[in-house]
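> Could you have a look at this structure, given as structure tokens, before my questions?
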Amino acid sequence: METLTGKTAILTGAAQGLGYAIAHVYAREGLRLVLMDVLADKLQQVADELTASGAECLPIVVDLSSAEDTQRAIHLALAQFGTPRVVVHNAALLKERSMQEIELAQWQREMNIILQAAFILSKAVWQPMIDAGGGSLVYLSSGSGIKGFLKEVAYCPGKHGQEGLMKVLAMEGEPFNIAVNTITPGAPINTPMSAENYNDDLKQKWVDPLLLTPAFVQLAKLTAQDGITGQRLNAWEMSQA
Ligand SMILES: NC(=O)c1ccc[n+]([C@@H]2O[C@H](COP(=O)([O-])OP(=O)(O)OC[C@H]3O[C@@H](n4cnc5c(N)ncnc54)[C@H](O)[C@@H]3O)[C@@H](O)[C@H]2O)c1
């Protein structure tokens, strides 16, 4: 495990929620940050806050449901900040809709943000990470990555798909020292997504997402030779350990 100062992290969904918390902790670790989100004003605000605290940031406004937009964003990130030490694909969209309610375009939007973007981002950094001698890829998973939930006709298969992509890439990445893992929050978190979807009982128990961030610092330091790859991790448990 190594120091992170001066290395690059690419983080999606950085404008709010868990991504916002991870961005702040990564900045404190001295990482240079590529911050991606579709919410332009909020993203700029985060970048301004972090820059004022001394961090080096590149905010990129991107709609990760679009393949072209995602490719443009990741190539800009690589051109300006170089090969990342860690990529955290944290952005996601959850709109509860049953099979009777959902339309194809809505299904594709959620799936693309969660799964297609995971592929495009990973594909773009794969060879650069091989050339750099390793790195760490992290996809934000969920209970919905291993179980079905009513009305999650798109979110659930998207999260299951990330688990599958992680398993394959972990095997392919191991000889190149690239660690690939998923991580689930492991505790109810107080974020805009939760505010929209949790019941009152869960809202009584939700915790500040900052409490989960030690796990993401550990993941930024990982490579495959640390022995943690191909795993579905739990951010709450890792952060409490
Ligand atoms: N909140 C929970 O209880 C919970 C539980 C399990 C897993 N997760 C996962 O944790 C991660 C973070 O969740 P959160 O609660 O902070 O969510 P959030 O909705 O509060 O934040 C998600 C971020 O992703 C961004 N985003 C959404 N669509 C985008 C798009 N098309 N292009 C670019 N950015 C886009 C949003 O603008 C937002 O900033 C997600 O992957 C989520 O699935 C959350």
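The values are calculated or read from the model by the stated rules, or taken from the named source; none is laboratory data. Keep in mind that this is a model prediction, so the values were computed, not measured. Counting neighbours? That spans all protein chains shown, and the Cβs are built from the backbone with ideal geometry, glycine included. Ligands, DNA and RNA are stripped out before the accessible areas are found, and what is left, the full protein with its side chains, is counted by its heavy atoms. Shrake-Rupley method; radii C 1.70, N 1.55, O 1.52, S 1.80 Å.
> Any chance you could give the angle, 0 to 90 degrees and rounded to 10, that helix 117-132 forms with the longest Cα principal axis of the chain?
Between helix and principal axis, roughly 20 degrees.
> Which residues' amide hydrogens lie under 5 Å from the amide hydrogen of L58, considering only partners 5 or more residues apart or on another chain, with H built in the peptide plane?
L33, V34, L35
> A further question on this structure: Just the accessible area per residue of the chain, please: how many Å² with a 1.4 Å probe? Walk me through the numbers on the way to the answer.
Values: 10750 Å² over 241 residues.
Accessible surface, normalised per residue, equals 45 Å².
> Just name one of C156, T3, L50: the one whose Cα is farthest towards the positive end of the charge dipole of the chain (beta-carbon charges, Lys/Arg +1, Asp/Glu -1).
Projecting each Cα onto the dipole axis, the largest value belongs to T3.
> Now for a different question. On the protein heavy atoms, probe 1.4 angstrom, tell me the percent of accessible surface of the range 8-240 carried by carbon and sulfur.
Numbers: 5400 of 10130 Å².
Using a 1.4 Å probe with all protein chains present, the range 8-240 comes out at 53 percent carbon and sulfur.
> OK, next. Please list, or write none, the lysines whose alpha carbon is within less than 23 Å of the alpha carbon of K7, excluding same-chain residues fewer than 8 places away.
Qualifying lysines at Cα under 23 Å: K123, K221.
> Using Cα centres only, tell me the gap between the range 20-61 and the range 69-130 in whole Å.
Cα centres, the range 20-61 to the range 69-130: 18 Å.
> Then there is this: Can you compute the equivalent ellipsoid semi-axes for the chain, i.e. the square root of 5 times each eigenvalue of the Cα gyration tensor, sorted largest first and rounded to whole Å?
Numbers: eigenvalues 126, 79, 71 Å².
Its equivalent ellipsoid spans semi-axes of 25, 20, 19 Å.
> To continue, here is another question. Can you pull out the GluC sites (Glu not before Pro) in the range 42-138 whose DSSP state is coil and whose Cβ has at most 16 other Cβ atoms within 10 Å?
Answer in residue order: E56, E96, E101, E103.
> To continue, here is another question. Whole-Hz ³J(HN,Hα) for each residue in the range 98-106, computed from phi via Karplus 6.51 cos²θ - 1.76 cosθ + 1.60 with θ = phi - 60°, x for glycine and proline: what do you get?
My calculation for the range 98-106 gives 6, 4, 5, 8, 7, 9, 4, 5, 5 Hz in order.
> Can you tell me the 0 to 90 degree angle between the C-alpha axis of helix 155-173 and the longest principal axis of the chain, rounded to 10?
30
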